[in-house]
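Reviewing the structure listed below.
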Amino acid sequence: MTSTDKSTSNKTGQNARIAPQSLCDIVQKIDQGHLSPSSALDLCRERIEQWEPKIEAFTCLASDNILNTSISDGPLRGIGLAIKDVFDTADLPTQYHSPIYKDHQPASDAAIIALSKKAGCVPLGKTVTTEFAFFHPGPTRNPYNLAHTPGGSSSGSAAAVATGMAPLALGTQTGGSIIRPAAFCGVAGFKPSSGLLPTVGMKTFSWSLDTAGLFAKEVQDLAFATSALTNRHMTIKDSQPNMPTLGIARTHCWAEADEDYRTRFEDLLSSLSKFGFKLVDLPVTDEYIAAFHAHQSIQDFEAKQALAWEYQTHPEQLSDLLRQTLDFAHTIQPSDYDEARMIAELASQQLDESFEEIDALISLSAPGPAPKGLASTGSSIFNRTWTLFGLPCVNVPGLMSQDNLPLGIQIIGPYMQDHNSLTIAHLVERAIQRHLNRAG
């Protein structure tokens, strides 16, 4: 497979052609002998040829030689994997969307890449990220409308899954870099509990916050992939569970959300209540607000250390925004950082008490649909605090805006309750379809 023509048409994507591949469907067909692993990869090739010139999701693509020799046994055999270009790969360049690392070739795979290959995944290529997974965007476009951002920093991974170029993709989240692009591109996204997936061999921005995660078509695809990668029980059964109690997380940023989005969220809550979900309004506490602001102090203080070499030796090759952020980060004192961590711990403990009465939180995944233009990847105000607390978060797709752009619903679970969080997200995903059918 070779790189495709990088044309940059500004025409709106045709939504009827957007067709993510279901990972679970592919696995089932392979297990039943109805599809070979190589044929599954051929479908990825075909989608890449169709979509990549429009979307520009990949920084590089795996050669035919790599694809043809990488198929191995495992629960994910034949599953094409798109890899965010912050993970080291021994057979593909890793450049972090920075000119400092142009043509950089690591000597080994990141831990999560090795685990993916062991499970049977075949790397399709590296996907576009923002610079060091911060803000400075790449060229990737939103499949639903090419004039809009796909979100960031896991831009290419979300777009690759949305268009069916890959049934599974790796991403990372430090603020909202999995949940937000998943919402903007209309796919399922999973930011696991901190530490569930290894970050060894991943370019660090903030070691306390960086979290590896996944993109797929549906929640059950995420659950199956997570189970295969971690050797934990994460798969979802369709047996009828007890209906969960959800805490409605209307944060202090609620007024900043798009009005149409908020209306659709409230309409969905009404349907969820009718479907048997128990809903509880949660107050916005001063501790939560303090933790929201503490996130930036923690992130920036750690970033100035994680990127110390780049800042000291190649400052002219950093984007203006990142260089200014690191300049400011040098004014953050260790005592400020320590206090921010204590604030975060206090707020996290307070939220743990709330989880004694509820099973998960439900909220918006972003302030609105994908913004127009490629200069910004959107805001993380509805994500960063949950990342700070290390909680499992799932973007549930299905809702659409009045302009026919995807809107995500976010499920946030207690720490290390990832399986239960995925199960609840799956229930919400099915409920959204019922909700839309009723409305239609």
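The values are calculated or read from the model by the stated rules, or taken from the named source; none is laboratory data. None of the values given here were measured: they were computed from a predicted structure. So basically every Cβ, Gly included, is an ideal-geometry build from the backbone, and we count neighbours across all protein chains shown.
Worth a mention:
- The condition of being in contact with a strand residue (DSSP E or B) (Cβ under 8 Å, 6 or more places away or on another chain) and either over 15 Å from K191 (Cα atoms) or buried (at least 22 other Cβ atoms within 10 Å of the Cβ) (or both) holds for only one of L427, L391, that being L391.
- The range 265-310, residues that are surrounded by 12 or more Cβ atoms within 10 Å (Cβ to Cβ), aliphatic (A, V, I, L, M) and assigned to a helix (DSSP H, G or I): L268, L269, L272, I289, A290, A291, A294, I298, A303, A306
- Taken over the range 229-248, the criterion of being among the basic types (K, R) and either touching a helix residue (DSSP H, G or I) at 6+ places or on another chain (Cβ under 8 Å) or not in a loop (DSSP other than H, G, I, E, B) (or both) is satisfied by R232 alone.
- Considering P397, P392, the condition of being in contact with a Ser or Thr (Cβ under 7 Å, 6 or more places away or on another chain) and either within 18 Å of V219 (Cβ to Cβ) or at pLDDT 95 or above (or both) is satisfied by P392 alone.
- Residue in the range 199-211 that is surrounded by fewer than 19 Cβ atoms within 10 Å (Cβ to Cβ), in contact with a helix residue (DSSP H, G or I) (Cβ under 9 Å, 6 or more places away or on another chain), of a type in the set (A, V, I, L, M, F, W, C) and within 22 Å of K118 (Cβ to Cβ) present: yes
- Set T226, T204, T251: member being outside any helix (DSSP H, G or I), under 26 Å from A90 (Cα atoms), under 22 Å from the mean Cα position of the chain (by Cα) and touching a residue at least 40 places away in the same chain (Cβ under 8 Å): T204
- Of all residues in the range 320-352, those that are under 27 Å from the mean Cα position of the chain (by Cα), more than 29 Å from P414 (Cβ to Cβ) and β-branched (V, I, T) total 1.
- Selection from the range 255-270 of residues that are without any contact (Cβ under 8 Å) to a residue 60 or more places away in the chain and within 17 Å of L361 (Cα to Cα): E266, S270
- For the range 243-257, the set of residues classified as within 22 Å of Q433 (Cα to Cα) and touching a Gly at 6+ places or on another chain (Cβ under 9 Å) consists of M243 only.
- S354 being surrounded by 13 or more Cβ atoms within 10 Å (Cβ to Cβ), touching a residue at least 12 places away in the same chain (Cβ under 8 Å) and under 25 Å from I248 (Cα atoms): yes
- Sub-6 Å Cβ pairs linking a first residue in the range 109-132 that is more than 16 Å from V86 (Cβ to Cβ) to a second residue that is among the charged types (D, E, K, R) and modelled with pLDDT of 95 or more, at least 6 apart or interchain, are G120/R77, ordered by first then second residue.
- Pairs where the first residue, in the range 90-106, is within 15 Å of G138 (Cβ to Cβ) and the second is aliphatic (A, V, I, L, M), C-beta under 6 Å, 6+ apart: Y96/V86
- Output for the range 51-65, where each listed residue is closer than 14 Å to T140 by Cβ and in a helix (DSSP H, G or I): W51, E52, P53, K54, I55
- Selected residue [under 21 Å from the mean Cα position of the chain (by Cα) and in a helix (DSSP H, G or I)] from I30, I48: I48
- Scanning the range 191-201 for residues that are part of a loop (DSSP other than H, G, I, E, B) and either of a type outside the set (A, V, I, L, M, F, W, C) or modelled with pLDDT under 95 (or both) returns P192, S193, S194, G195, P198, T199, G201.
- For the range 93-113, a tally of residues being in contact with a His (Cβ under 7 Å, 6 or more places away or on another chain) and assigned to a helix (DSSP H, G or I) returns 1.
- Candidate set: the range 135-165, residues that are more than 14 Å from the chain's Cα centre (by Cα), within 25 Å of T204 (Cβ to Cβ) and not β-branched (V, I, T); chosen: the one surrounded by the most Cβ atoms within 10 Å (Cβ to Cβ): P137
- Residue match in the range 315-324 (condition: closer than 29 Å to D221 by Cα and part of a helix (DSSP H, G or I)): no
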